[in-house]
Amino acid sequence: MPDVQPLVSDFVLKLKRRKVEGSHAVARQTAELLRSVVSQHRMGSSANQAAALADAVRAVGEQLIAANPIELAVGNIVRRVLHIIKEEDISSTAVGIEGLSVTVDSDGEYDSEHDDRPALSAAVLAAHARNALRAPSLQTLLEDIPVSPAISRTASSTGDSDGKSKSAGDKSSTRKLKHDVIAAIGDLIDEIDSCYEPISEQAVELIHQNEVILTLGRSRTVKEFLYAAKEKKRSFRVFVAEGAPRYQGHVLAKELVEKGVQTTVITDSAVFAMISRVNMVIVGAHAIMANGGVIAPVGMNMVALAAQRHAVPFVVVAGSHKLCPLYPHNPEVLLNELKSPSDLLDFGEFSDCMNFSTQDGSPLLNVVNPTFDYVPPKLVSLFITDTGGHSPSYMYRLIAEYYSADDLVVRRKATS
C-alpha cells in the first residue's frame, strides 16, 4: 500500500508523541485512516478477497495499537472494521447462494422450462453451499479455502462463455465487497460523531427536578448530557470535582455556567464530605471493559467508593466506540500511564530536594502522576450508551455485537 503508508506513518508518529489524545479524536482518526487503507487496497485474484482485505487492515492496526497502547479506542476501531469486513463478506456469500436456486415443480422434480441456466445437480449445489457457508460458521472466514473441484468440473462442461461470465461476476462481487466495507466504515465514523445525541436524549429520563449531580474532571459526553437536561427546563445543581493535577473540572465548570447551570467547584479530597448531599454521580469514561469495569480519569475510583458508601447511583455515560472487548487482566491491556512530574511539582522550588539520595544512589524524593483509575463493575450502577441504558452485567453481551471473538488479539497471521 505505497499510497497509504505515509498516512499510516504520520498517524503512528502522532500517537507515539501524544499529539492525538482522547477516545473520540483517536477513534475518528483511526476509522478515517482505515477507510483510506481499504479504499487504496488492490483486490487481487485470490479466492478469499475478504481475508486479504482483513490482513491489510490487521497489518496497519497492529502498528497503531503498538504506537500508544493506552488509547484503547484504536484497537476498538480496528476490531470493528475487521468485524465489518466479515459481515459484508457473509452478506455477499448469502447473495451468491441465493443465485444458485433450483426451480422445482409440484412433484419435486426440476422444471427446466422456468430456468434457462445450465442444470446443476443437487450434490453440486450442496457442495457449493457447504463451501460458501464454511467461513461464517468457523474461524476459517479469513483463511483461503480452495474452490470445490466438483464445481470446477461442472462449470467446465458449460463452455468458455460461462467461465467468462463467472469471472466477470467475481470481479463485480469483489468491487461490491470493497464498496460495502467503505460505506460501512463511513457509517461508523458518523456513529462516532453523532454518539452524543442519542446519549443526551436520555438525560431527561435520568435527571429530575432539583437534583444534585456530582461529576469529576471534564467529559464532553457528560457536558452534552447535562446541557440536554438544562434545555428540557430541568432545574438542578452540579458539583464538579476539579480533577487535580490537570484541573479539567475548572474548564467544565466554566462551560456549565455559560449555559446557565448552577455549578459548585469542589476539591477532589472533598468528595466524601459532599457526597451525602448528592442524588447521583454522572461521569465519563476512557474505556469500558468487557467485564463492565471502567478505565476513567484518576480519582474516579475514590468517587465510586464514596457513592457506594452513601448509596448514591454511579452512572457512566460513553459512546459505543469506547466499548472494549478485552478484560483488565488481558496482557494486551495497558491500564495506566504516568504523566510528567511537572504537573505536581515546580522543579525550581524542589530543585534542592532532587540532590538528596540514599547510600545506594536512589533519590529520596519520587513523584508518581498516574493518568487513569480502574473502577470495578461492582461500583457502577448504570451505563448509558448511544444504544440505551445497560447494567454492568450486560456489557459483555453488548460488546459481542460489535466484535468477533477471533479478532480480540490484532495480529497479522503468519504466512506458511
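Data for the structure
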{"read-out": "Hits in the stretch 1-60 (condition: in contact (Cβ under 8 Å) with a residue 60 or more places away in the chain and either among the hydroxyl-bearing types (Ser, Thr, Tyr) or assigned to a loop (DSSP other than H, G, I, E, B) (or both))", "value": "SER23, SER39, HIS41, MET43, SER46, ALA47, ASN48"}
{"read-out": "Among (1) open to solvent by less than 60 Å² (accessible area, probe 1.4 Å); (2) touching a residue at least 60 places away in the same chain (Cβ under 8 Å) - the single one LEU344 does not satisfy", "value": "(1)"}
{"read-out": "Lone unmet requirement of (1) surrounded by fewer than 18 Cβ atoms within 10 Å (Cβ to Cβ); (2) within 16 Å of GLU205 (Cα to Cα); (3) over 28 Å from the mean Cα position of the chain (by Cα) for GLU224", "value": "(3)"}
{"read-out": "Whichever residue in the stretch 392-416 is at pLDDT 90 or above and among the polar types (S, T, N, Q) and, among such residues, is nearest to ALA67 (Cα to Cα)", "value": "SER404"}
{"read-out": "Residue count for the stretch 204-227, restricted to those that are small (Gly, Ala, Ser) and closer than 26 Å to ARG80 by Cβ", "value": "1"}
{"read-out": "Close pairs (7 angstrom Cβ cut-off, 6 or more residues apart or separate chains): on the phi > 0 side of the Ramachandran plot in the stretch 255-271, modelled with pLDDT of 95 or more anywhere", "value": "GLY260/LYS230"}
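The values are calculated or read from the model by the stated rules, or taken from the named source; none is laboratory data. As the structure is a prediction and not an experimental result, all values here were calculated from the model. As a convention, Cβ positions derive from the backbone with ideal geometry for all residues, glycine included, and neighbour counts pool all protein chains shown. Heads up: the accessible areas ignore ligands, DNA and RNA and are worked out on the full protein's heavy atoms, side chains in. Shrake-Rupley method; radii C 1.70, N 1.55, O 1.52, S 1.80 Å.
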